[in-house]
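The values are calculated or read from the model by the stated rules, or taken from the named source; none is laboratory data. Every value quoted in this text rests on a predicted model; they were computed, and no experiment measured them. All Cβ positions, even for glycine, are placed from backbone atoms using ideal geometry, and neighbour counts span all protein chains on display.
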Amino acid sequence: MTSLGISKSSCSSVDSSDRETAGAYMARVFEGQRTFLHPVLRAEVSDLQVAGIREEVEQRWTHYTAALLSFSLFGFLLTYVLQRAQAILPFNPQHFNAIMCHRSAFNTATSFVTNTNCRPTSANRP
């Protein structure tokens with residue numbers, strides 16, 4: 001057997017045991033059983049209770065869509081305002097100016113929300 005074959009066989013035995021433990025952990029999580037991370041994740045449970053999220057209730061697609069759109073709108077507005085107000089915000093030791101053109105701030109905020117890489121360059125200018 002070549003060295004490549006030996007390394008493949010030794011890696012596959014390690015991977016299968018890792019998959020079994022990960023699979024057993026995931027099965028316990030999806031069945032709602034306690035795992036070794038339950039004491040660590042108490043903060044998550046309290047956050048869900050404060051937000052009013054109930055684990056036993058399914059989320060409808062309309063609620064999911066509304067949550068997704070409102071989160072995207074909030075992210076867009078926050079990014080746009082931060083860029084427009086950059087000059088007056090604290091912790092600006094290099095004294096960067098605000099983005100003066102509202103179109104540029106709009107373009108950047110939109111590209112952040114939609115996860116695209118649309119940055120204005122000199123080639124895009126008329």
Of the residues in region 1-56 that are closer than 27 Å to A67 by Cβ and among the basic types (K, R), the one that is modelled with the highest pLDDT is R54
List the pairs whose first member sits in region 61-81 and is in the same structural domain as S111 (by TED's automatic domain parsing), whose second member is assigned to a helix (DSSP H, G or I) and exposed (fewer than 13 other Cβ atoms within 10 Å of the Cβ), and whose Cβ atoms are under 9 Å apart, counting only residues at least 6 apart or on separate chains?
Y80/H102
If we ask which residues in region 57-105 are over 20 Å from the mean Cα position of the chain (by Cα), aliphatic (A, V, I, L, M) and either modelled with pLDDT of 95 or more or over 25 Å from N117 (Cα atoms) (or both), their number turns out to be 3
In region 106-126, the residues that are hydrophobic (A, V, I, L, M, F, W, C) and modelled with pLDDT of 80 or more
F106, A109, F112, V113
Hits in region 43-57 - residues which are part of a helix (DSSP H, G or I) and surrounded by 10 or more Cβ atoms within 10 Å (Cβ to Cβ)
E44, V45, S46, D47, L48, Q49
What do you reckon, is V40 in a helix (DSSP H, G or I) and free of Cβ contacts under 8 Å to residues at least 12 places away in the same chain?
no
